[in-house]
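For reference, the structure is listed below as structure tokens.
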Amino acid sequence: MIPKFLTTIPPQLLGRVRDLEMDTGSESCNNSINQLLQRTVLLGGKRLRPLLTYLCGNFFGVSPDRLDVYAKAIEMVHAASLSHDDVVDGAKTRRGKPSINAESTNKHAVLAGDYLLADVIVELSKQGNLALVKEMSFVIKALAEGEWIQLDAAASRQYSRELIDTVAQMKTASVMSWCAVAPAIVADLPEAVVKYARDFGHHLGLAFQQMDDTLDFSGNSKKDHLLDLENGIINAVLFEWLQLNPDLYSRFLKGESASSLWTENNLDKAVSIVEARAKDHLDKCLELIEVMAEEIPRHSDLTEQQIAKAKEPLIEIVHYLGRRTY
């Protein structure tokens, strides 16, 4: 769940995140599908995405009850992507428990992920806001395309910083952008402010992914970075590591597996490079919060004092992502 040291987050929002019901919305859902999801991809997690949705809503002057469906939707889309990723990656565990494909089968995992995506679109359609259905369709499309690009890169070994950033934008930043854009649309803010919100999510998502890549090599990480190596997946840190070890990079391009080449030589330097890039994105997030804080009072009933208070937890989330260790 959410780290306890995030002290500026309103308690009522923390309670909202904690109590957010993650069952599928359809009464006709096959019970075995729901049970599989509840004991795998919908089990636990920090629920950062719903929290971010509520915090952005608080910043934009939207009451939490108007955001429940949108906060739930993005967490379920994220869970669907985990269902599919576990199959693609051949994962065996997730969060210390059997992955969804290990708990059932690859076919069941794919179908469960598909069901989640369909359920999200159905529930969003019921809200009657076509703009938000359209936004979510873009997120789902980006997730699929990002995974496709990553698979092609693993096969061709034609990696670049730009390609890795593109994958991060599609697989992570698109999701984070929803968390900011959906509340802005619900608040009926002008397109200029919606764009600021989108840019905020974009930079936050890129920073989140880059910091996540560094955590793959942290002693505190619960992830198995060797699985990515075995699958030929090169993240931001591994790319910089290969650049800093040109002899290994040459052998990698000639067909040797990344896992067979693994050494910690220059690893700390590679991690530092990626951390610096993440910090640049987080700094941009802080700038965008201030820009939005100037704009929001012009288009809402919120006072400058209310905006100043509401932006504090967003700022704290940005700082948290820059120093998290898990």
* Asked: Conditions: (1) in a helix (DSSP H, G or I); (2) touching a residue at least 24 places away in the same chain (Cβ under 8 Å); (3) surrounded by fewer than 22 Cβ atoms within 10 Å (Cβ to Cβ). A91 meets all but one. Number of the miss?
  -> (1)
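Do we have N31 as free of Cβ contacts under 8 Å to residues at least 24 places away in the same chain and buried (at least 23 other Cβ atoms within 10 Å of the Cβ) here? It would help to see each step written out before you state the result.
Details: free of Cβ contacts under 8 Å to residues at least 24 places away in the same chain: yes; buried (at least 23 other Cβ atoms within 10 Å of the Cβ): no.
Judged against the criteria, N31 is not a match.
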* Asked: Within segment 94-123, restricting attention to residues that are outside any loop (DSSP other than H, G, I, E, B) and of a type in the set (V, I, T), which residue is farthest from the chain's Cα centre (by Cα)?
  -> V122
* **Odd one out for A131, checked against (1) buried (at least 23 other Cβ atoms within 10 Å of the Cβ); (2) within 30 Å of K311 (Cβ to Cβ)** => (1)
* Count, please, the residues in segment 41-73 that happen to be at pLDDT 95 or above, over 25 Å from E290 (Cα atoms) and under 12 Å from the mean Cα position of the chain (by Cα). => 0
* To do: Collect the residues in segment 236-265 that are of a type in the set (G, A, S) and either at negative phi or in contact with a Leu (Cβ under 9 Å, 6 or more places away or on another chain) (or both), keeping them in residue-number order.
  => A236, S250, S257, A258, S259, S260
* To do: Identify the single condition in (1) more than 18 Å from K284 (Cα to Cα); (2) among the β-branched types (V, I, T); (3) modelled with pLDDT of 95 or more that T214 does not satisfy, given that it satisfies every other one.
  => (3)
* **Subset of segment 89-104 [within 17 Å of D228 (Cα to Cα) and basic (K, R)]** => K92, R94, R95
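Restricting to segment 283-318, name every residue that is within 17 Å of the chain's Cα centre (by Cα) and more than 19 Å from T53 (Cβ to Cβ). Break it down stepwise before answering.
Filtering segment 283-318 down to residues within 17 Å of the chain's Cα centre (by Cα) leaves 285, 314, 317-318.
Listed by number, the list is empty, since nothing qualifies.
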* **Candidates E287, E275, filtered to the one that is more than 30 Å from L248 (Cα to Cα) and either of a type in the set (D, E) or touching a helix residue (DSSP H, G or I) at 6+ places or on another chain (Cβ under 8 Å) (or both)** => E287
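The values are calculated or read from the model by the stated rules, or taken from the named source; none is laboratory data. The structure displayed is predicted, hence computed values, not measured ones. A quick note on method: Cβ atoms are made from the backbone with ideal geometry, for glycine too, and the neighbour counts reach across all protein chains shown.
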